[in-house]
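As structure tokens, the structure follows; a few thoughts come after it.
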Amino acid sequence: MEPLNDTLDAACLQVFGKISAAVSHDLKNVLAIVNENAGLLDDLALRAAKGGEIPLDRLNVATSRMLKQVKRGDAVLKNLNRFAHTTDAPLLQGNVAETVALMVDLAGRQAAMRETVITVAPDAAMISTCLVYLESFVYLLLRHALEVLPRKESVEIAVAAEGETVCIRLVNPAGLPLIQDDVFPGAQEKALMERLKIDLQALPGTVALRLPASLA
Amino acid sequence: MKVLLVDDEEELVVTLAERLSIRDIDADWALSGEDALRMAADKRYDLAVLDMKMPKMNGLQLKVELQKQWPAMRFIFLTGHGSEEDFEAGASEAGDEYYLIKPVNIQELVAKIHASFDAGEA
């Protein structure tokens, strides 16, 4: 059996790889749209150089599309940057709902491909833990739930402080299973759960994670 | 020559259609496989430019469905995946169709559209 740290590292590396791939795919689309609209401006400029007229509204549409994509790309990179910085220290304090919401955003493309809507209710509950491990676990759980649920479903996530523990609850309103017992948690997820002291309870339509509010 | 562009990124496909139109290529666009099949049921397209990864129906699945209606239709695939391994894998999956990585060079796309159309007529 692999030492625990090796398995934890493998889990984080897997998550980092998947997130990087998704971000690069999103950014490729951003660049493609900017490329086409910049090319369109080029085409229109060429037409003007030959004495043709350029309708102003077409210029406005092209420029506003590019600006919109710049904002989109910036948002994607902000999320990646936030995730990357959670490796800065072994223990970090963070808002649990915001941490979960970040991982929901980073899993956004997969959710869109499955036409699944995932919402996270804001909450003030804080946690002091190895945030990158928590993020990795949440991400792996989300990816698994997206595979298990049929298309066009929804997942509602709520966070609550329960004394010295924090509860992260995922609910499918239709009561469909969110995990497949014989698959999740696998070795990597178990290693993360052990490290973070996560207690996982799965019922039809609900998964509840309970973990210490302070791992120190 | 009539071309159908299919990609779930509306701002990409709309602009690409406009740029092809400037180059005298008659191009319509759709945002999903379902929409593309509805349009192809009403109008004959010589060639379709398909995004590989779309929700519900991906480019390869859409190709199979379009070919049921129009067996002679030609295809060009677009992808956002950038590694050489992905390109090789995708090109192999696409078979003898063309395969381009986004962002696309418009001259290259136009050349491939013409080449594909000429090959189809030969």
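Of note, A:Leu102 does not satisfy the criterion of being surrounded by 13 or more Cβ atoms within 10 Å (Cβ to Cβ), of a type in the set (A, V, I, L, M), out of contact with any strand residue (DSSP E or B) (no Cβ under 6 Å at 6 or more places or on another chain) and within 14 Å of chain B (Cβ to nearest Cβ).
Taken together, the criteria place A:Gly51 among residues that are at positive phi and either within 14 Å of chain B (Cβ to nearest Cβ) or surrounded by fewer than 17 Cβ atoms within 10 Å (Cβ to Cβ) (or both).
The residues of the stretch B:11-23 that are out of contact with any helix residue (DSSP H, G or I) (no Cβ under 7 Å at 6 or more places or on another chain) and either modelled with pLDDT under 95 or of a type in the set (S, T, N, Q) (or both) amount to a single one, B:Ser21.
Of all residues in the stretch A:14-48, those satisfying the criterion of being surrounded by 13 or more Cβ atoms within 10 Å (Cβ to Cβ) and touching a Gly at 6+ places or on another chain (Cβ under 9 Å) are A:Ala22, A:Ser24, A:His25, A:Asp26, A:Leu27, A:Lys28, A:Asn29, A:Val30, A:Leu31, A:Ala32, A:Val34, A:Leu44. Every condition in (1) touching a residue at least 60 places away in the same chain (Cβ under 8 Å); (2) more than 13 Å from the chain's Cα centre (by Cα); (3) buried (at least 17 other Cβ atoms within 10 Å of the Cβ) holds for B:Leu78 except the one numbered (2).
When each of A:Leu192, A:Leu211 is tested for being in contact with a Lys or Arg (Cβ under 7 Å, 6 or more places away or on another chain) and within 21 Å of A:Glu98 (Cβ to Cβ), the lone residue that passes is A:Leu211. Return the residues of the stretch A:16-28 that are at the interface with chain B (Cβ under 7 Å from one of its Cβ atoms), free of Cβ contacts under 8 Å to residues at least 24 places away in the same chain and closer than 12 Å to A:Arg109 by Cα; say none if nothing qualifies. Residue satisfying the conditions is A:Ser24 alone.
The values are calculated or read from the model by the stated rules, or taken from the named source; none is laboratory data. Quick caveat, the model's predicted, so the values are computed rather than measured. Because the Cβ atoms are built from the backbone with ideal geometry, glycine has one as well, and the counts that use them run over all protein chains shown.
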